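The values are calculated or read from the model by the stated rules, or taken from the named source; none is laboratory data. No experiment lies behind these values; they were computed from the predicted model shown. No Cβ is skipped: glycine too gets one built from the backbone with ideal geometry, and neighbour counts run over all protein chains shown. Each accessible area value is taken on the protein alone, full model and side chains, heavy atoms only, with ligands, DNA and RNA left out. Shrake-Rupley method; radii C 1.70, N 1.55, O 1.52, S 1.80 Å.
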Amino acid sequence: VKNVFWQVGRTGKLTPLAEIEPVDLAGATVKRATLNNFGDLTRKDVKVGSRVLVRRSNEVIPEILGAVSHTEGSVPVEKPTVCPACGSAVREVGANLFCSNEECPPRIVQKLVHYCSKNAADVEGMSDQTIALLYEKCGVRRFSDLYTLTKESFSDEPAFDGKGKPRYLEGFQEKKINNLLTAVEKSKRIPLERFLYAIGIGGIGRVAARDLAAFGSVEAVAALDEESLVALENIGEITAKAIVGYFACEENAKELARLSELGVVPYVKEKKTTGAFAGEYVVLTGSLSSLSRPQAQKLIEEQGGTAQSSVTQKTTLVVAGESAGSKLEKAKKMNLLVIGEEELLARLARK
């Protein structure tokens, strides 16, 4: 481990990332690896200068499993007391550290990145770097700001060169800007489940967002109380409080109104009732070699199935990949049908 620095996410959570000596791992050269949170870093006894074990979690995310040995020069990683990005006080919640500033720049940027991501609003071409530039140069702070962008928003200073041609921000040309604005416009029509995931309610992943979308509209979800939310199989008490709190926030209500006024129209996607997984409630556990978990869930749902995040009484099928854990054990106790990756791919191929 050469160094450990802290990355601020959209919730304000500070995640320690280790800069390591480059190593080839599962077909990729890894130079950075996550440590999840300060509690994880402490438990694994990782110090700057330590030799560590690294894996690619789900064959994607490099993660440090623990320290193998320390050197004479190994230095413990200090717990930050202020946010490394904005200098605001850090609050500790369990094993996690959070920036207390809602307006922390990387926090806002990451909220926008999440909103534009493929499984959310899916704004093609809106990379992390582009969003950071829009934040810095164009004053984009809210989701709704994306829908007020025009070609002129990308103008540089001075606006024209010596030949009278428009000058744009570095890295932008007219074609790229037009493509980006087209993608933003296209994202106005968005499935409700993806919209509920995109706006970043605490604890709401894609599966829980799909369950909430079954209520038919944002307004219907906003009217739910904690008791009704906890009754859903993929939502616990903490997430229920987060949902109620989100819709009770005046600024969030104003932002939802702005999005509506700008033409963002979430709609309920018609569920497919035919296909290789029609009527099945499917849980994936462990890692697959040929597909990421989100890819597999999407393919299952395209073939009429319902992807679940945990094994419940509704579950009819479990797909067990490598290093499957407690979900597989629970499935066996419930005598549920369990298949492997090979059978999953075979079923998907049959359609």
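Between residue 92 and residue 3, what FRET efficiency follows from the Cβ-Cβ distance if R0 is 25 Å, with the result rounded to 0.05? Intermediate values should be presented prior to the final figure.
Numbers: r = 23 Å, r/R0 = 0.90.
Once the sixth-power term is evaluated, E becomes 0.65.
Which whole-number percent is the relative contact order of the range 41-119 (Cα, under 8 Å, 6+ apart)? Write out the running numbers ahead of the final one.
Working: 91 pairs, mean separation 15.5, N = 79.
Contact order relative to length: 20 percent.
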* Asked: List the aspartates and glutamates whose alpha-carbon lies under 16 Å from that of residue 254, not counting same-chain residues fewer than 8 positions away?
  -> 145, 219
* Asked: Rg and Dmax of the range 193-343 over Cα atoms: what are they, in angstrom?
  -> 16.9, 51
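Just for the chain, what percent of DSSP beta bridges are antiparallel, to the closest 5?
70 percent
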* Asked: Of (i) 0.95; (ii) 0.99; (iii) 1.10, which is the value of Rg/Rh (Cα atoms, Kirkwood Rh) derived from the coordinates here?
  -> (ii)
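Counting only heavy atoms of protein chains, what accessible area per residue, in Å², does the chain have with a probe of 1.4 Å?
The answer is 54 Å² per residue.
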* Asked: Based solely on its DSSP helices, what 222 nm [θ] is calculated for the chain when runs of n ≥ 4 H residues each add -39,500 (n - 2.57) and the sum is averaged over all residues, nearest 500 deg cm²/dmol?
  -> -10000 deg cm²/dmol
* 16 Å tail of the calculated P(r), the range 303-351, as % of Cα pairs -> 39 percent
* Asked: Which stretch or stretches of the range 251-280 have amide N atoms under 19 Å from the point lying 7 Å from residue 141's Cα along the Cα→Cβ direction?
  -> 251-260, 262
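For the range 95-235, what mean projected area does the convex hull of the alpha carbons give, in nm²? Each step should come with its number before you reach the end.
Numbers: hull surface 42.0 nm².
Projected area, direction-averaged: 10.5 nm².
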* Asked: With the contact rule set at Cα under 8 Å and sequence spacing of 6 or more, what percent relative contact order holds for the chain?
  -> 10 percent
* To do: Kindly flag which residue pairs out of 2/31; 151/188; 47/79; 186/271 have an alpha-carbon separation exceeding 20 Å in this structure.
  => 186/271
* Asked: Which whole-number value in Å³ per residue fits the convex hull of the alpha carbons of the range 26-101?
  -> 119 Å³
* Structure fact -> the range 102-126 scanned against label point 7 Å out from residue 258 along Cα→C-beta; backbone N under 13 Å for 112
* Structure fact -> By accessible area (1.4 Å), largest first, 104, 86 order as 86, 104
* List the aspartates and glutamates whose Cα lies under 14 Å from the Cα of residue 13, skipping any in the same chain that are fewer than 8 positions away. => 40, 92, 102, 103
* To do: Taking a cut-off of 24 Å between Cα atoms, list the lysines near residue 330, but don't count ones fewer than 8 places away on the same chain.
  => 298, 314
* Asked: Taking Cα pairs under 8 Å and at least six residues apart, what relative contact order does the range 109-238 come out at, in percent?
  -> 24 percent
* residue 274 versus residue 163: modelled label distance in nm, points set 7 Å from Cα along the beta carbon direction -> 5.7 nm
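So how much slack lies between residue 24 and residue 178, counting 0.36 nm per residue of separation and subtracting their Cα-Cα distance, in nm? All intermediate terms of the calculation are to be shown ahead of the outcome.
Working: separation 154, 0.36 × 154 = 55.44 nm, distance 3.91 nm.
Taking residue 24 through residue 178 to full extension adds about 51.5 nm, to one decimal.
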